[in-house]
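Below: one structure in C-alpha coordinates.
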Amino acid sequence: MAIANVLLVDDEKAFVETMAKRLTKRDLNVAKAFGGEEAIEYLAKNDDVEVVILDVKMPGMDGNDTLNEIKKLYPLVEVIMLTGHATVESAIEGMKRGALDYLMKPCEMEQLMAKVDEAVSKKRRHEERIAEARIKEITSRRA
(Lines give C-alpha, C1' and ligand atoms only; values in the text may rest on other atoms or scores of the structure.)
Protein backbone atom coordinates (compact mmCIF):
# COMPACT_ATOMS: atom_id res chain seq x y z
CA MET A 1 0.00 0.00 0.00
CA ALA A 2 1.19 3.52 -0.75
CA ILE A 3 2.08 5.75 2.17
CA ALA A 4 -1.05 7.01 3.89
CA ASN A 5 -1.71 10.62 4.90
CA VAL A 6 -3.05 10.85 8.43
CA LEU A 7 -4.23 13.81 10.52
CA LEU A 8 -3.84 13.28 14.28
CA VAL A 9 -6.19 15.46 16.35
CA ASP A 10 -5.92 15.73 20.14
CA ASP A 11 -5.65 18.59 22.62
CA GLU A 12 -2.95 16.77 24.64
CA LYS A 13 0.25 18.02 22.98
CA ALA A 14 2.54 15.39 24.56
CA PHE A 15 0.24 12.60 23.34
CA VAL A 16 0.15 14.06 19.82
CA GLU A 17 3.94 14.43 19.62
CA THR A 18 4.59 10.89 20.89
CA MET A 19 1.92 9.29 18.73
CA ALA A 20 3.05 11.24 15.64
CA LYS A 21 6.60 9.91 16.08
CA ARG A 22 5.33 6.35 16.49
CA LEU A 23 3.09 6.57 13.42
CA THR A 24 5.82 8.21 11.30
CA LYS A 25 8.16 5.29 12.14
CA ARG A 26 5.50 3.05 10.60
CA ASP A 27 5.69 4.89 7.27
CA LEU A 28 2.71 7.19 7.64
CA ASN A 29 2.71 10.87 6.72
CA VAL A 30 1.37 12.46 9.89
CA ALA A 31 -0.01 15.97 10.25
CA LYS A 32 -1.01 17.30 13.68
CA ALA A 33 -3.87 19.43 14.95
CA PHE A 34 -4.51 20.31 18.59
CA GLY A 35 -8.27 20.81 18.40
CA GLY A 36 -11.35 20.40 16.24
CA GLU A 37 -11.25 23.87 14.70
CA GLU A 38 -7.58 23.44 13.78
CA ALA A 39 -8.37 20.05 12.20
CA ILE A 40 -11.13 21.52 10.01
CA GLU A 41 -8.80 24.38 8.95
CA TYR A 42 -6.07 21.87 8.07
CA LEU A 43 -8.46 19.73 5.98
CA ALA A 44 -9.64 22.84 4.10
CA LYS A 45 -6.06 23.46 2.94
CA ASN A 46 -4.91 19.84 2.46
CA ASP A 47 -7.01 17.56 0.28
CA ASP A 48 -4.65 14.59 0.58
CA VAL A 49 -5.69 13.52 4.11
CA GLU A 50 -7.12 10.00 4.02
CA VAL A 51 -7.61 9.23 7.71
CA VAL A 52 -8.25 11.39 10.76
CA ILE A 53 -7.39 9.93 14.16
CA LEU A 54 -9.61 12.00 16.42
CA ASP A 55 -9.81 12.37 20.19
CA VAL A 56 -13.33 12.59 21.60
CA LYS A 57 -12.80 14.78 24.68
CA MET A 58 -11.43 18.17 23.65
CA PRO A 59 -12.24 21.69 24.81
CA GLY A 60 -14.20 23.84 22.38
CA MET A 61 -15.17 21.76 19.38
CA ASP A 62 -15.18 18.20 20.76
CA GLY A 63 -14.55 15.01 18.81
CA ASN A 64 -18.20 14.34 17.96
CA ASP A 65 -18.72 17.89 16.68
CA THR A 66 -15.48 17.61 14.68
CA LEU A 67 -16.57 14.24 13.27
CA ASN A 68 -19.90 15.76 12.14
CA GLU A 69 -18.09 18.61 10.39
CA ILE A 70 -15.55 16.30 8.70
CA LYS A 71 -18.28 13.98 7.41
CA LYS A 72 -20.33 16.93 6.16
CA LEU A 73 -17.43 18.65 4.36
CA TYR A 74 -15.17 15.68 3.47
CA PRO A 75 -17.39 12.57 3.36
CA LEU A 76 -14.68 10.29 1.96
CA VAL A 77 -12.19 11.01 4.76
CA GLU A 78 -12.24 8.13 7.22
CA VAL A 79 -12.27 8.90 10.94
CA ILE A 80 -11.00 6.72 13.78
CA MET A 81 -12.14 7.96 17.20
CA LEU A 82 -9.77 7.68 20.17
CA THR A 83 -10.80 8.22 23.75
CA GLY A 84 -9.77 7.58 27.31
CA HIS A 85 -13.39 8.00 28.37
CA ALA A 86 -15.28 5.63 26.10
CA THR A 87 -18.76 4.52 26.90
CA VAL A 88 -20.81 2.15 24.82
CA GLU A 89 -23.24 5.01 24.13
CA SER A 90 -20.55 7.39 22.85
CA ALA A 91 -19.03 4.65 20.70
CA ILE A 92 -22.40 3.85 19.13
CA GLU A 93 -23.06 7.57 18.60
CA GLY A 94 -19.68 8.03 16.88
CA MET A 95 -20.27 5.06 14.61
CA LYS A 96 -23.77 6.37 13.69
CA ARG A 97 -22.17 9.69 12.77
CA GLY A 98 -19.78 7.97 10.38
CA ALA A 99 -16.67 7.03 12.38
CA LEU A 100 -14.95 3.91 11.07
CA ASP A 101 -14.20 2.72 14.60
CA TYR A 102 -13.66 3.69 18.20
CA LEU A 103 -10.48 2.80 20.12
CA MET A 104 -9.67 3.22 23.82
CA LYS A 105 -6.59 5.20 24.88
CA PRO A 106 -3.99 3.97 25.34
CA CYS A 107 -4.47 1.67 22.36
CA GLU A 108 -2.09 -0.95 21.07
CA MET A 109 -0.07 0.38 18.15
CA GLU A 110 -0.77 -2.76 16.10
CA GLN A 111 -4.51 -2.31 16.64
CA LEU A 112 -4.36 1.34 15.57
CA MET A 113 -2.23 0.51 12.51
CA ALA A 114 -4.71 -2.21 11.49
CA LYS A 115 -7.54 0.35 11.70
CA VAL A 116 -5.54 2.93 9.72
CA ASP A 117 -4.86 0.31 7.01
CA GLU A 118 -8.56 -0.59 6.94
CA ALA A 119 -9.54 3.10 6.72
CA VAL A 120 -7.07 3.87 3.91
CA SER A 121 -8.22 0.83 1.91
CA LYS A 122 -11.87 1.82 2.35
CA LYS A 123 -11.24 5.42 1.24
CA ARG A 124 -9.19 4.37 -1.78
CA ARG A 125 -11.87 1.83 -2.84
CA HIS A 126 -14.52 4.58 -2.65
CA GLU A 127 -12.36 6.91 -4.75
CA GLU A 128 -11.78 4.17 -7.35
CA ARG A 129 -15.52 3.49 -7.61
CA ILE A 130 -16.23 7.20 -8.05
CA ALA A 131 -13.55 7.46 -10.77
CA GLU A 132 -14.96 4.38 -12.55
CA ALA A 133 -18.48 5.81 -12.40
CA ARG A 134 -17.27 9.11 -13.86
CA ILE A 135 -15.47 7.30 -16.69
CA LYS A 136 -18.62 5.29 -17.48
CA GLU A 137 -20.69 8.47 -17.43
CA ILE A 138 -18.29 10.26 -19.80
CA THR A 139 -17.98 7.31 -22.20
CA SER A 140 -21.76 6.70 -22.23
CA ARG A 141 -22.35 10.32 -23.27
CA ARG A 142 -20.11 9.83 -26.31
CA ALA A 143 -21.89 6.67 -27.44
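The values are calculated or read from the model by the stated rules, or taken from the named source; none is laboratory data. Since we're looking at a predicted model, the values are computed, not measured. Note: ideal-geometry Cβ built from the backbone for every residue, glycine included; neighbour counts use all protein chains shown.
Filtering the stretch 96-109 down to residues that are of a type in the set (A, V, I, L, M, F, W, C) and in a loop (DSSP other than H, G, I, E, B), which residue is farthest from LYS45 (Cα to Cα)?
CYS107
For ARG22, work out the one condition from (1) more than 22 Å from MET104 (Cβ to Cβ); (2) surrounded by fewer than 19 Cβ atoms within 10 Å (Cβ to Cβ) it doesn't fulfil.
(1)
Turning to a different aspect of this structure: Identify, please: which residue in the stretch 67-89 is over 11 Å from the mean Cα position of the chain (by Cα) and at pLDDT 95 or above and is, among those, surrounded by the fewest Cβ atoms within 10 Å (Cβ to Cβ)?
LYS72
So is ASN64 within 20 Å of ALA4 (Cβ to Cβ) and either surrounded by fewer than 16 Cβ atoms within 10 Å (Cβ to Cβ) or within 15 Å of the chain's Cα centre (by Cα) (or both) or not?
no
Filter the stretch 27-50 down to residues that are over 16 Å from TYR74 (Cβ atoms) and either of a type in the set (A, V, I, L, M) or surrounded by 16 or more Cβ atoms within 10 Å (Cβ to Cβ) (or both), then give me how many there are. Let's see the steps before the verdict.
To start, the set of residues in the stretch 27-50 that are over 16 Å from TYR74 (Cβ atoms) comprises 27-30, 32, 34-35.
Of the ones still in play, those that are also either of a type in the set (A, V, I, L, M) or surrounded by 16 or more Cβ atoms within 10 Å (Cβ to Cβ) (or both) are 28, 30, 32, 34-35.
Within the stretch 27-50, residues that are over 16 Å from TYR74 (Cβ atoms) and either of a type in the set (A, V, I, L, M) or surrounded by 16 or more Cβ atoms within 10 Å (Cβ to Cβ) (or both) number 5.
What number of residues within the stretch 26-75 are in contact (Cβ under 8 Å) with a residue 60 or more places away in the chain and basic (Lys, Arg)?
Of the residues in that region, 1 qualify.
In addition: Assess whether MET104 counts as being farther than 15 Å from GLY36 by Cα and either in contact with a Phe, Trp or Tyr (Cβ under 7 Å, 6 or more places away or on another chain) or touching a residue at least 40 places away in the same chain (Cβ under 8 Å) (or both).
no
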